[in-house]
Amino acid sequence: MKVVLGVSGGIAAYKACELLRLFTESGHEVRVVPTREALKFVGAPTWAALSGNPVSPEVWDDVHEVPHVRIGKRADLVVVAPATADVLAKAAHGLAGDLLTNTLLTATCPVVFAPAMHTEMWQHPATRANVATLRERGTVVIDPAVGRLTGADTGPGRLPDPAEIFQVCLRVLRGRPQDLAGRKVVVSAGGTREAIDPVRYIGNRSSGLQGYALARTAAARGAEVTLVSANAALPDPAGAKVVRVESTAELRDAVLAASTGADVVVMAAAVADFRPATRHDTKIKKTDGEPEAIHLVKNPDILAELGERRRAEPGPSVIVGFAAETHDVLANGQAKLARKGCDLLVVNQVGEGLAFGTPDNAATVLVAGGDPVEVPFGPKEDLADAVWDLVAVRLG
Ligand SMILES: Cc1cc2nc3c(=O)[nH]c(=O)nc-3n(C[C@H](O)[C@H](O)[C@H](O)COP(=O)(O)O)c2cc1C
């Protein structure tokens, strides 16, 4: 595929080198079109050497090849990363003062912007309006990540991880729909930890990979995603707002808060059913003789609570639960679907190298009032897409 990588003049321009490598190493032909300001951050020789193609920010080079029209028309995808406030404004208003903005005007293929800027610039009404205009036209604008910015300050405005931008681009290239655009989605991921003392906890084997795949695919399908992440050591999915939690109590509070006004809640996190009745304030010391028994108490059932709340007041249109079972998988799943009042229940067999920490998964999605859907063994992204396909149908 022919990819145009537009690079504008933000401090994150150096990260676009990694994005470029991801494209070239997976066999795509990449033409880098930097702005003049981008070249103040990373020089043309770097882009030329890494892409194997000529590099210029001007419409006046190689005029006989009419690059200001040809590059955009030939492209299968244009991705601008990082996209400055300035380039978003120019694109929204159709300005064409350099090769990149000309390319954006002549491209008939999908366009992805990955903005990166200071929080104030991102939240300025002018930028908000420009982003809204671009999205209305069908352009994919990835929400920036929250984190450390140029200086010591932090906030929304950071360029998402290049590998995550790359995943969004691949999905756009494959023609995946933006059928969750305008939908608010909450996904929980990872595994909760219940403290025994300041050092030790009771946890589980969930890596968060499935929940992150759900968040990544929902964001790529246009949803506004809040990912409540319990102890997962994974890069933030591009475009998702990530709320980090540790215990089940924290996860419950974060999910319930985010689910107000949400269209969909997906509870993919492995939530501890029990927690120690007492959390010791200091480390339990090794003593002679047998240690004290750890007395457990039940944790709140968040999935059931979401279902109950929805019966009492308007709530998410679709609630999706996950069931990890080691035996009697389908029978246990059907009973859980009926008990919890959710719309879909993704049942997967776990243990002995299955599901936890692996990149692939297989599952049965139980549908309230419908037939179960088998999702064959494959990447967790495929299972995530199968879930979103069913959710999209229920959202109408
Ligand atoms: C050190 C430095 C870092 C900058 N980082 C950003 C940035 O991350 N995002 C942004 O929108 N503008 C940033 N700017 C401002 C842009 O470079 C400026 O708006 C420029 O005109 C953008 O031009 P372009 O959009 O044509 O590349 C930065 C400027 C400087 C000097």
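Pick from TRP47, TRP60: which is of a type outside the set (A, V, I, L, M), within 15 Å of the ligand (Cβ to nearest atom) and not assigned by TED's automatic domain parsing to the domain that holds GLY239? The match here is TRP47.
Filter the range 2-15 down to residues that are within 12 Å of the ligand (Cβ to nearest atom) and in contact (Cβ under 8 Å) with a residue 60 or more places away in the chain, then give me how many there are. Can you show your working first?
Initially, the range 2-15 is screened for residues within 12 Å of the ligand (Cβ to nearest atom), giving 6-15.
Narrowing further to those that are in contact (Cβ under 8 Å) with a residue 60 or more places away in the chain: 6-13, 15.
Counting residues in the range 2-15 that are within 12 Å of the ligand (Cβ to nearest atom) and in contact (Cβ under 8 Å) with a residue 60 or more places away in the chain gives 9.
Picking from residues in the range 89-102 that are within 9 Å of the ligand (Cβ to nearest atom) and of a type outside the set (A, V, I, L, M), the one that is surrounded by the fewest Cβ atoms within 10 Å (Cβ to Cβ) is GLY97.
The criterion of at least 2 residues that are β-branched (Val, Ile, Thr) is met, among strands (runs of 3 or more DSSP E) falling completely within the range 232-322, by 240-245, 264-267.
ARG70 satisfies every condition listed in (1) open to solvent by 60 Å² or more (accessible area, probe 1.4 Å); (2) within 15 Å of the ligand (Cβ to nearest atom); (3) of a type in the set (Lys, Arg) except (2). Listed by position, the strands (runs of 3 or more DSSP E) contained in the range 334-388 that have at least 1 residues being out of contact with any Leu (no Cβ under 8 Å at 6 or more places or on another chain) and modelled with pLDDT of 85 or more are 373-379.
For beta carbons closer than 8 Å, sequence separation of 6+ or different chains, a first residue in the range 126-150 that is basic (Lys, Arg) and a second that is assigned to a loop (DSSP other than H, G, I, E, B), the qualifying pairs are ARG135/ALA181.
Residue-by-condition table, conditions (1) over 25 Å from TRP60 (Cα atoms); (2) in contact with a helix residue (DSSP H, G or I) (Cβ under 8 Å, 6 or more places away or on another chain):
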{"site": "ALA107", "(1), (2)": "no, yes"}
{"site": "PRO110", "(1), (2)": "yes, yes"}
{"site": "ALA116", "(1), (2)": "yes, yes"}
{"site": "PRO125", "(1), (2)": "yes, no"}
{"site": "GLY138", "(1), (2)": "yes, no"}
{"site": "ASP153", "(1), (2)": "yes, yes"}
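Listed here are the residues, each with its yes/no results for (1) over 22 Å from the mean Cα position of the chain (by Cα); (2) within 30 Å of PRO160 (Cα to Cα); (3) surrounded by 23 or more Cβ atoms within 10 Å (Cβ to Cβ).
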| position | (1), (2), (3) |
| --- | --- |
| ASN231 | no, yes, no |
| LYS241 | no, yes, no |
| ALA254 | no, yes, no |
| ALA268 | no, yes, yes |
| LYS285 | yes, no, no |
| ILE294 | yes, no, no |
| GLU305 | yes, no, no |
| ARG309 | yes, no, no |
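Residue count for the range 1-33, restricted to those that are at pLDDT 95 or above, in contact with an Asp or Glu (Cβ under 8 Å, 6 or more places away or on another chain) and aliphatic (A, V, I, L, M): 1. Taking residues in the range 314-335 that are over 16 Å from GLY211 (Cα atoms), and partners anywhere that are open to solvent by 10 Å² or more (accessible area, probe 1.4 Å) and of a type in the set (Val, Ile, Thr), the pairs with Cβ atoms closer than 9 Å and at least 6 places apart or on different chains are GLY315/THR260; GLU325/VAL350; THR326/VAL350; VAL329/THR364; LEU330/THR364; GLY333/THR364. With respect to being out of contact with any Asp or Glu (no Cβ under 8 Å at 6 or more places or on another chain), over 22 Å from GLU164 (Cα atoms), assigned by TED's automatic domain parsing to the domain that holds GLY147 and more than 16 Å from the ligand (Cβ to nearest atom), PRO54 falls outside the description.
Scanning the range 76-88 for residues that are more than 11 Å from the ligand (Cβ to nearest atom) and either open to solvent by less than 10 Å² (accessible area, probe 1.4 Å) or under 17 Å from TYR14 (Cβ atoms) (or both) yields LEU77, VAL78, VAL79, ALA81. Of all residues in the range 26-44, those being away from the ligand (no atom under 15 Å from the Cβ) and either of a type in the set (Phe, Trp, Tyr) or open to solvent by less than 10 Å² (accessible area, probe 1.4 Å) (or both) number 1.
Sort through THR84, THR35 and tell me the only one that's closer than 16 Å to ILE165 by Cβ and polar (S, T, N, Q). Can you show your working first?
Working: THR35 fails: closer than 16 Å to ILE165 by Cβ.
Every option except THR84 fails the conditions.
Tell me, yes or no, whether the range 154-176 has at least one residue that is of a type in the set (Phe, Trp, Tyr) and either more than 25 Å from PRO110 (Cβ to Cβ) or outside the structural domain of ALA16 (by TED's automatic domain parsing) (or both). Checked against the condition, which is being of a type in the set (Phe, Trp, Tyr) and either more than 25 Å from PRO110 (Cβ to Cβ) or outside the structural domain of ALA16 (by TED's automatic domain parsing) (or both), the range 154-176 yields no hits at all.
The values are calculated or read from the model by the stated rules, or taken from the named source; none is laboratory data. Please read these numbers as outputs of a predicted model, since none were measured by experiment. Cβ atoms come from the backbone with ideal geometry, glycine included; neighbour counts cover every protein chain shown. All accessible areas refer to the heavy atoms of the entire protein, side chains included, with ligands and DNA or RNA removed. Shrake-Rupley method; radii C 1.70, N 1.55, O 1.52, S 1.80 Å.
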